[in-house]
Number of protein chains: 2
Amino acid sequence: MTRKQLPQPDRAEIRVEAVLQALGEPVRLQIVRALADTPEGIACGEIELPVTPSTRAHHLRTLREAGVLTTHTEGTRRISSLRREDLDALYPGLLTGVLSADQ
Amino acid sequence: MTRKQLPQPDRAEIRVEAVLQALGEPVRLQIVRALADTPEGIACGEIELPVTPSTRAHHLRTLREAGVLTTHTEGTRRISSLRREDLDALYPGLLTGVLSADQ
């Protein structure tokens, strides 16, 4: 099965403003929380979200382009996971702090 | 000298999305960095920023309304400081992570 990684910034290209903007939206935060609970990655459609598929795709793309998550294809599926190692290296504590917020 | 605190959310009213949105803007992040270096607070006009006074006021207000900073008047001066204790209590690590980002 072909596995292809969708375009994303390298660790050195990640900007904190973009990460914060990406995280500062309720649905995107919900996606990040779901991914945090599933380190092995999750198929995009499997995250329960109160939005249309196109809005979902938009949010996933925003998170990917900011460097918050990585997405690869497995056949026709798109599997996303948090770039926890990159974010923890760049901004130690940020993700943990965000995830500790009351929902 | 009369000292008055400008309106701000109580700790329990602070929302992580609003905090992230407030922090996710270059000029506002510059303000937060300046305040982090000055725990005793700083007069708004004394932070060097590449923006007009009205834009500066807008950014300070956004940060205050999100719960990131607190502002009080001292006579005609407005002194702002980070709500570090509140933010560290709500989102342990978040502020430290943000401040550790390369500028």
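The values are calculated or read from the model by the stated rules, or taken from the named source; none is laboratory data. What you see is a predicted model; the values in this text were computed from it and never measured. Cβ placement follows ideal geometry from the backbone for every residue including glycine, while neighbour counts extend to all protein chains displayed. Just the protein is used for accessible areas: all its heavy atoms, side chains included, with ligands, DNA and RNA removed. Shrake-Rupley method; radii C 1.70, N 1.55, O 1.52, S 1.80 Å.
Things worth noting here:
- Among A:ALA43, A:LEU94, A:VAL32 the positive-end extreme of the charge dipole of chain A (Cβ point charges): A:ALA43
- Pairwise FRET efficiency - A:VAL51 versus B:HIS58, Cβ, R0 = 30 Å, nearest 0.05: 0.50
- Every Cα-Cα pair in the protein assembly as shown was counted, and those over 26 Å apart are 38% of them.
- Counting only protein heavy atoms and a 1.4 Å probe, segment A:12-100 has 45 square angstrom of accessible area per residue.
- Average beta carbon contacts from partner chains per residue of A:11-17, 10 Å cutoff: 4
- DSSP-loop trypsin sites (Lys or Arg not before Pro) across segment B:46-103, with at most 13 other Cβ within 10 angstrom: none
- Placing dummy labels 7 Å off each Cα toward the beta-carbon, the span from B:SER81 to A:SER81 is 4.4 nm.
- Basic side chains Lys and Arg get +1 at the Cβ, acidic Asp and Glu get -1 at the Cβ, and with that the dipole of the protein assembly as shown about its Cα centre reaches some 460 debye.
- Segment B:12-55 and segment B:56-74: distance between their alpha carbon centers, rounded to Å: 7 Å
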